[in-house]
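Visitor: Structure incoming, see below.
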């Protein structure tokens, strides 16, 4: 169980899981609950490796888990439907696909779980089902999952969520909750400095790094996402976003560049980031409200360039 030592800041969660393994008393369902990017998925992989391995190391087991290729493991995540085909949220992100509706856990995926659990484990004593971002489950799938949790047999469920309140209370009651917490600044900084990407940010100012960390709210994983989003913006556009533009023509050009370079999801991230900066620096409610109006306009599929033009000009008047 040495791999648990590589998980930082989640002492209570690790204690609960280590105790379950040591006492050989593992309940049929867990709810790993806590903020994004604080180690829930990493802990899940360490935990299931410990279950599959028992008290001895198997490098092959670790490789199978990492590649999602273990015969007794089924990893479910929210998906999109594109032209009648299911595409996982991970694949959509990796291919930079822009979707109009959020991904869901669907009924056909619960049916896949039922079929999986109907077979005997191949290499282990039990089959393990992971459901990532389970709060995105739709109503029909949620009811089917509840019934499945009541009849797990030798299966083990691990439900991973940022928003446990969105789940049916009857689903929550059938799981042992394992709480994950936000990390403090020192813990976040230590983890960040160990990341390879930390060596590749020479063109990002220390002040901007601090803003990105503050915007991560104690989540190293969230910081990585924020940094990737910031670096994905071209250097010329980043400079224009950072400086204070007052010329109306320049503001209109900025709106054009933002909407031509960034997809809607990236624009929404930028709105969140700017709101965080304005609030932390000046507690500027008017700026935050104007940006919130912009977000609503984009989500209503109002012409993005026009929405940005109006907002940037309004913000300039406020400032």
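The values are calculated or read from the model by the stated rules, or taken from the named source; none is laboratory data. From a predicted model like this one, the values you see are computed outputs, not experimental measurements. Glycine gets a Cβ as well: all are built from the backbone with ideal geometry, and neighbour counts include every protein chain shown.
Visitor: Which one of these is crowded, with 18+ Cβ neighbours inside 10 Å, under 18 Å from the mean Cα position of the chain (by Cα) and either outside the structural domain of residue 35 (by TED's automatic domain parsing) or at pLDDT 90 or above (or both): 213, 233?
Guide: Numbers: 233 fails: under 18 Å from the mean Cα position of the chain (by Cα).
Residue meeting the stated conditions: 213.
Visitor: Next question, about the same structure. From the set of residues in the stretch 15-42 that are surrounded by 20 or more Cβ atoms within 10 Å (Cβ to Cβ) and out of contact with any strand residue (DSSP E or B) (no Cβ under 7 Å at 6 or more places or on another chain), which is farthest from residue 215 (Cα to Cα)?
Guide: 39
Visitor: Please give the number of the condition residue 190 fails out of (1) touching a residue at least 12 places away in the same chain (Cβ under 8 Å); (2) in the same structural domain as residue 14 (by TED's automatic domain parsing); (3) outside any strand (DSSP E or B).
Guide: (2)
This table checks each residue for (1) surrounded by fewer than 11 Cβ atoms within 10 Å (Cβ to Cβ); (2) at pLDDT 85 or above; (3) assigned by TED's automatic domain parsing to the domain that holds residue 134; (4) not in a helix (DSSP H, G or I).
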site: 158; (1), (2), (3), (4): no, yes, yes, yes
site: 165; (1), (2), (3), (4): yes, yes, yes, no
site: 171; (1), (2), (3), (4): no, yes, yes, no
site: 199; (1), (2), (3), (4): yes, no, no, no
site: 202; (1), (2), (3), (4): yes, no, no, yes
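Visitor: Residue 87 - would you say it is under 20 Å from the mean Cα position of the chain (by Cα), part of a strand (DSSP E or B) and assigned by TED's automatic domain parsing to the domain that holds residue 20? Spell out the reasoning first.
Guide: Numbers: under 20 Å from the mean Cα position of the chain (by Cα): yes; part of a strand (DSSP E or B): yes; assigned by TED's automatic domain parsing to the domain that holds residue 20: yes.
When the stated conditions are applied, residue 87 passes them.
Visitor: Could you check, for the stretch 56-71, whether at least one of its residues is touching a strand residue (DSSP E or B) at 6+ places or on another chain (Cβ under 7 Å), outside any loop (DSSP other than H, G, I, E, B), farther than 25 Å from residue 224 by Cβ and without any contact (Cβ under 8 Å) to a residue 60 or more places away in the chain? Outline the logic, then answer.
Guide: Filtering the stretch 56-71 for residues touching a strand residue (DSSP E or B) at 6+ places or on another chain (Cβ under 7 Å) gives 65, 68.
Cutting the leftovers down to outside any loop (DSSP other than H, G, I, E, B) gives us 65.
This time we only want the ones that are farther than 25 Å from residue 224 by Cβ, so: none.
Checked against the condition, which is being touching a strand residue (DSSP E or B) at 6+ places or on another chain (Cβ under 7 Å), outside any loop (DSSP other than H, G, I, E, B), farther than 25 Å from residue 224 by Cβ and without any contact (Cβ under 8 Å) to a residue 60 or more places away in the chain, the stretch 56-71 yields no hits at all.
Visitor: Let me ask you something else. Scanning the stretch 1-14 for residues that are more than 19 Å from residue 192 (Cα to Cα) and buried (at least 19 other Cβ atoms within 10 Å of the Cβ), which turns out farthest from the chain's Cα centre (by Cα)?
Guide: Looking at residues that are more than 19 Å from residue 192 (Cα to Cα) and buried (at least 19 other Cβ atoms within 10 Å of the Cβ), I get 14.
Visitor: Can you find even one residue in the stretch 14-25 that is touching a helix residue (DSSP H, G or I) at 6+ places or on another chain (Cβ under 7 Å), in a loop (DSSP other than H, G, I, E, B) and either closer than 16 Å to residue 159 by Cβ or at pLDDT 90 or above (or both)?
Guide: Within the stretch 14-25, the subset touching a helix residue (DSSP H, G or I) at 6+ places or on another chain (Cβ under 7 Å) is 14, 17-18, 21.
Now restrict to residues that are in a loop (DSSP other than H, G, I, E, B): none.
Within the stretch 14-25, not a single residue is touching a helix residue (DSSP H, G or I) at 6+ places or on another chain (Cβ under 7 Å), in a loop (DSSP other than H, G, I, E, B) and either closer than 16 Å to residue 159 by Cβ or at pLDDT 90 or above (or both).
Visitor: Assess whether residue 238 counts as being surrounded by 14 or more Cβ atoms within 10 Å (Cβ to Cβ), touching a strand residue (DSSP E or B) at 6+ places or on another chain (Cβ under 7 Å) and in a helix (DSSP H, G or I).
Guide: Numbers: surrounded by 14 or more Cβ atoms within 10 Å (Cβ to Cβ): yes; touching a strand residue (DSSP E or B) at 6+ places or on another chain (Cβ under 7 Å): no; in a helix (DSSP H, G or I): yes.
Spelling it out, it is not the case that residue 238 is surrounded by 14 or more Cβ atoms within 10 Å (Cβ to Cβ), touching a strand residue (DSSP E or B) at 6+ places or on another chain (Cβ under 7 Å) and in a helix (DSSP H, G or I).
Visitor: Using the structure shown, decide if residue 267 is over 25 Å from residue 206 (Cβ atoms), surrounded by 16 or more Cβ atoms within 10 Å (Cβ to Cβ) and either in contact (Cβ under 8 Å) with a residue 12 or more places away in the chain or under 25 Å from the mean Cα position of the chain (by Cα) (or both).
Guide: Yes: the conditions hold for residue 267.
Visitor: If you don't mind, there's one more thing I want to ask. Please state which of the following conditions residue 130 fails to meet, knowing it meets all the rest: (1) within 29 Å of residue 209 (Cα to Cα); (2) crowded, with 16+ Cβ neighbours inside 10 Å.
Guide: The single condition residue 130 does not satisfy is (1).
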